[in-house]
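Asks: Before anything else, here's the structure in question.
Values in this text are rule-based calculations from the coordinates and carry no lab data. This one's a predicted model, so the numbers in the text were calculated from it and none came from an experiment. Note: ideal-geometry Cβ built from the backbone for every residue, glycine included; neighbour counts use all protein chains shown.
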Amino acid sequence: MIIKIEPQSDIPIYTQLTNQIIEGIAKGEIQAGESLPSVRSFAADLGVNMHTVNKSYHQLEAKGIIKIIPKSGAVISSPTQSIDTVSQRMSGALRSIIAEALVSGLEREQIQELVSSIMNDLNKKE
Amino acid sequence: MSLTIFLIIIVFMAGIQTAIPYLVKRTVIFGVTIPEQYLKDRTLSSYKRTYTILVSFISIIVLGLFVFWTLRKNPSEELIVMAGAIIQFGIIFFSMSLYFYFHGKTIVFKKKHNISDNVKHVQITDLSVRSQDEMLPWYVYLLPVLITVGLLGYTILKYDVLPEKIPTHWGPNGKPDAFTVKNPFSAVTLPLTLLVMQLMFMGINIGTKKSGIKLSAASTNASRIRQLTLRKYSSWFLFIVSVFLTMMLSFFHLTTIHPGLFIDKAMVAIPFTFLIIVLLGTLIFAVKVGRADKQTAEDPKSDITDIDEDSYWKGGLFYFNKNDPSIFVEKRFGVGWSINFANPMGYLIVVVPLLVILLLSFL
């Protein structure tokens with residue numbers, strides 16, 4: 001799986017990493033049980049600070065997406081949190097985005113279309 | 001004999017110096033990052049050509065004069081050695097001056113064309129690239145280390161048999177020509193020096209393995225092949241050098257303990273063979289790596305380009321990047337590796353062993 005970062009972007013690099021790893025798992029490019037590279041080699045391959053990668057890994061761990069196991073590294077875990085907790089968290093995050101979309105002038109249908117097109121894109125096998 | 005050895009080394013070195021612009025990573029010209037669409041530019045091609053023609057022209061003239069002078073005047077061995085060394089440094093100095101000249105011109109070219117202002121700069125990596133890495137594991141390097149430890153033990157056992165004068169230098173004929181007085185320290189200086197060198201080679205291999213596999217966003221495949229080839233062949237080359245160095249120095253050391261163990265002819269042949277192996281290895285290495293990224297055709301992507309690392313490369317030669325945990329990075333002008341000067345580990349692996357070796361040879 002290719003990871004692509006833009007150092008000049010306004011989005012911090014660790015967020016870019018987190019987002020891309022999550023998307024990679026959603027697309028099935030990496031699966032539960034597979035492990036991510038070590039912090040050192042990941043940072044070296046990208047030429048970024050080790051703290052950046054570390055921060056992203058901790059973010060992913062907090063979301064329950066990976067498990068950091070001492071000595072064997074970061075392993076992608078299968079979903080562990082209950083559906084309720086996840087829906088609650090997602091609803092909070094989606095709410096503000098949908099609100100922004102409505103305020104910016106998108107219609108209900110347009111938002112629904114947008115969501116399903118993103119879903120299709122994530123489901124697409126390469 | 002000295003003339004032949006120097007001729008081989010100088011011809012070889014001049015050959016590599018001449019070819020460097022065509023062996024380096026294709027997106028870096030005289031130490032300056034140039035995006036894909038400008039790589040075939042005529043001005044840049046003419047810089048490379050001019051460099052190559054000038055370096056080869058000067059080298060041929062100097063070599064011709066060297067041979068002519070040696071055959072005509074029949075100077076002493078020492079004078080030949082001295083002249084040979086001066087010529088080597090001269091060619092390096094000349095090609096480095098030319099490098100800086102064209103480095104400057106390429107920077108001006110890049111500024112003039114406003115390269116890299118309107119495209120997105122990205123850095124990429126592939127999560128699976130580490131599994132394709134074919135570098136030798138570090139423990140392979142233990143093999144020559146074990147031999148040296150054995151040699152060390154054998155020397156201590158045979159201390160009484162050792163001659164009163166311990167050789168410290170060997171001439172081109174394989175015979176020792178400088179000596180020091182025997183004492184428990186001078187008896188083991190050679191195996192100890194060898195050991196430090198082997199450990200340094202092992203450290204370099206480990207450090208290289210931990211360093212980044214740098215992929216280019218604009219030409220992902222070509223850069224992947226080049227990085228993997230460079231890593232694989234440099235670890236093999238280092239290992240082969242370590243093994244043959246061990247063999248050569250062990251032969252010399254065993255001859256000190258048991259004079260006449262090997263026939264004289266072998267003693268002449270061994271250093272010569274070592275030289276040939278190292279030069280051939282360098283040649284194969286340079287060609288393999290130099291060609292690695294020139295064979296796959298890739299359609300240039302116009303909307304993105306690699307992040308411009310020029311600010312980390314001082315003079316296009318020295319890499320300083322505090323953020324990058326890599327210990328070694330691929331050289332920009334030449335084939336091989338360069339230290340990340342902002343990472344203290346690099347100094348530890350390279351400078352400390354060299355200091356220890358210097359210390360051993362002066363004590």
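Asks: Output needed: percent of Cα pairs per 5 Å distance bin for the range B:171-232, bins running from 0 to the one holding the longest distance.
Replies: Bins of 5 Å from zero give 3, 13, 12, 13, 11, 9, 8, 8, 8, 6, 4, 2, 0 percent of pairs.
Asks: Could you tell me the calculated FRET efficiency between B:Ile86 and A:Ser35, based on Cβ-Cβ distance and R0 = 51 angstrom, to the nearest 0.05?
Replies: It comes to 0.40.
Asks: Additional query: Quick one: which residues, 5 or more positions from A:Ile3 or on another chain, have an amide H under 5 Å from its amide H? H modelled 1.01 Å from N in the peptide plane, none for Pro or chain starts.
Replies: When sequence neighbours closer than 5 places are left aside, the close amide H contacts are B:Thr125, B:Asp126, B:Leu127.
Asks: In peptide B:125-132, what is the residue-averaged number of other protein chain Cβ atoms found within 10 Å of each Cβ?
Replies: Mean partner-chain Cβ count within 10 Å for B:125-132: 6.
Asks: Taking the convex hull of the Cα atoms, report for the protein assembly as shown its projected area averaged over all directions, in nm².
Replies: Spelled out: convex hull of the Cα atoms, projected over all directions, averaged, 29.4 nm².
Asks: While we're on this one: Run the simple label-point estimate for B:Ala269 and A:Ser116 please: 7 Å along Cα→C-beta, distance reported in nm.
Replies: Here the modelled spin labels are 8.1 nm apart.
Asks: A follow-up question, please. Over the range B:212-363, what is the relative contact order in percent, taking alpha-carbon pairs closer than 8 angstrom and at least six residues apart?
Replies: The normalised contact order for the range B:212-363 reaches 23 percent.
Asks: Another one. Using a 10 Å cut-off around each Cβ of peptide A:4-11, what is the average number of partner chain Cβ atoms that fall inside?
Replies: Taking all residues of A:4-11 together, the mean is 4.
Asks: Something else: For chain B, what is the charge dipole size about the Cα centre, in debye to the nearest 20, if Lys and Arg each add +1 at the Cβ and Asp and Glu each add -1 at the Cβ?
Replies: 620 debye
Asks: Which order results if B:Asp177, A:Asp84 are arranged by neighbouring Cβ count within 10 Å, fewest first?
Replies: Sorted ascending by nearby Cβ count, the order is A:Asp84, B:Asp177.
Asks: By Kyte-Doolittle mean hydropathy of at least -1.0 and Cα axial length of at least 24 Å, which whole DSSP H helices of chain B are selected?
Replies: Helices meeting the criterion: B:2-23, B:42-73, B:77-112, B:184-210, B:220-257, B:264-292, B:344-362.
Asks: Now a separate question. Using the 10 angstrom Cβ neighbour count as an exposure proxy, how do B:Ser234, A:Ser116, B:Ser211 rank, fewest first?
Replies: A:Ser116, B:Ser234, B:Ser211
Asks: Now a separate question. Which listed residue (B:Val352, B:Trp138, B:Ile277) has the Cα farthest towards the positive end of the charge dipole for the protein assembly as shown, taking +1 on Lys and Arg C-beta and -1 on Asp and Glu C-beta about the Cα centre?
Replies: The listed residue farthest towards the positive side: B:Ile277.
Asks: Here is a follow-up. For B:Lys210, which lysines qualify as cross-link partners when the Cα separation must be under 24 Å and same-chain residues fewer than eight apart are set aside?
Replies: A:Lys4, A:Lys55, A:Lys67, A:Lys71, B:Lys25, B:Lys232, B:Lys288, B:Lys314, B:Lys322, B:Lys331
Asks: Shifting gears a bit: What Kirkwood Rh does chain B have if only Cα atoms enter the pairwise 1/r average? Answer in Å.
Replies: For chain B, the Kirkwood estimate is 23.0 Å.
Asks: Also, I was wondering about something else. Relative contact order of chain B: what whole-number percent is it, with Cα pairs under 8 angstrom and at least 6 residues apart?
Replies: RCO, chain B: 24 percent.
Asks: Could you sort the peptides B:256-262, B:313-319 by per-residue average Cβ neighbour count (10 Å cutoff), highest mean leading?
Replies: Result, highest mean first: B:313-319, B:256-262.
Asks: Would you please calculate the Kirkwood hydrodynamic radius of the range B:239-324 over all C-alpha pairs and express it in Å, rounded to one decimal?
Replies: 17.8 Å
Asks: How high is the FRET efficiency between B:Lys294 and B:Ser45 when r is their beta carbon distance and R₀ equals 22 Å, given to the nearest 0.05?
Replies: The calculated FRET efficiency here is 0.95.
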